[in-house]
1. Any chance you could list the semi-axes, whole Å, largest first, of the equivalent ellipsoid that the Cα gyration tensor gives for region 69-132, using √(5λ)?
2. So if I restrict to the alpha-carbon atoms in region 122-161, what is the Rg, and what is Dmax, the biggest pairwise distance, in Å?
3. Need the full-extension length gain, A186 to E243, defined as separation in residues times 0.36 nm minus the C-alpha distance. One decimal, nm.
4. What net charge do the residues around I123 carry, taking every other residue with its C-beta under 10 Å from that of I123, with Lys and Arg at +1 and Asp and Glu at -1?
5. What are the residues whose amide H is under 5 Å from the amide H of T128, where those residues sit 5 or more places off or on another chain and H is modelled from the backbone?
6. Round to the nearest 0.05 the FRET efficiency obtained for R158 and L78 when R0 = 41 Å and r is the Cβ-Cβ distance.
7. With a ≥ b ≥ c taken as the square roots of the eigenvalues of the C-alpha gyration tensor of region 168-244, please select rounded if a/c is under 1.5 and otherwise prolate if a/b is larger than b/c or oblate if it is not?
8. Per residue, how much accessible area does region 152-223 show when a 1.4 Å probe rolls over the protein heavy atoms, in square angstrom?
Amino acid sequence: MSELARSSEQVSTDEGMILKLSSCQGGLDQTELGQTASVEHVSPDLPARPGKPSQMEIEAAVRTLIKAAGDNPAREGLIDTPARVARAYDEWFSGYAIDPTALLSRTFAEAESYRETVLLCDIPLVSTCEHHMAPIIGVAHVGYRPRDRVVGISKLSRLVDAYSRRLQLQERLTQQIGMTLWEVLAPRGVAVVIDATHGCMATRGVNQRGVTMRTECWLGDFREDRDLRRDFLTSVRDARAGER
């Protein structure tokens, strides 16, 4: 990953935090998304969160978008699409119903003597750009240096997912993950790196595919110690190289 071309601009976003943005060429494998042709029946209304439109209102909105695209929502291939989209939205944006801090509420003291970096690499990330509502697909690398207690590693993955499954900016997503770990666990250091491709850039506008955006957040020890940052990035690079 350190071999990827990146900008050197750094933006200070908060005391103790560095958020670095870059566009990297060729950082992620391209994934082909398959399509299914099965016909589904309209399901009962999905439970509505406060302020959320009803199932009927969501489906009506999707029919309007289908018409705006120039097609007929009443034809066979599209008649069940509004219900499918409503269910998909409930999954894509399920993060709004999750309290990310609660995910980190259970910690363990058995590893209280551990002082080195805990690193989880290549956490799958699926999000949605809030500007064009196009997909953001990539991976997150999350690490922290515990002070007294550690958290279950699956909770790091769940934390990424909770913030990702919302309308997002990659810059904000990186910061939210890092700051939540910092504030809830009170560790000695936090590091978050996200590499992702953006559908709004790959399928419209400049129409450039294979471009990866990287965002980084360093807190505590990672902000203060350049060697720790280098070791973190090297570990991520080596882990990804080992998967090839």
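The values are calculated or read from the model by the stated rules, or taken from the named source; none is laboratory data. In this text, all values refer to a predicted model and were calculated from it rather than measured experimentally. Ideal geometry is used to build each Cβ from the backbone, glycine not excepted, and the neighbour counts take in all protein chains shown. Protein only, heavy atoms only, side chains kept; ligands, DNA and RNA dropped before computing areas. Shrake-Rupley method; radii C 1.70, N 1.55, O 1.52, S 1.80 Å.
1. 43, 14, 10
2. Looking at region 122-161, its Cα Rg and Dmax stand at 13.2, 42 Å.
3. On the way: separation 57, 0.36 × 57 = 20.52 nm, distance 3.19 nm.
Difference between extended and current length: 17.3 nm.
4. Cβ neighbours under 10 Å give a net charge of -1.
5. Here the answer is I136, R166, Q168, since their amide H atoms fall under 5 Å of that of T128.
6. Calculated value: 0.75.
7. On the way: a/c = 2.83, a/b = 1.52, b/c = 1.86.
Oblate, because a/c is 1.5 or more while a/b does not exceed b/c.
8. Details: 2520 Å² over 72 residues.
Using a 1.4 Å probe on heavy atoms only, each residue of region 152-223 averages 35 Å².
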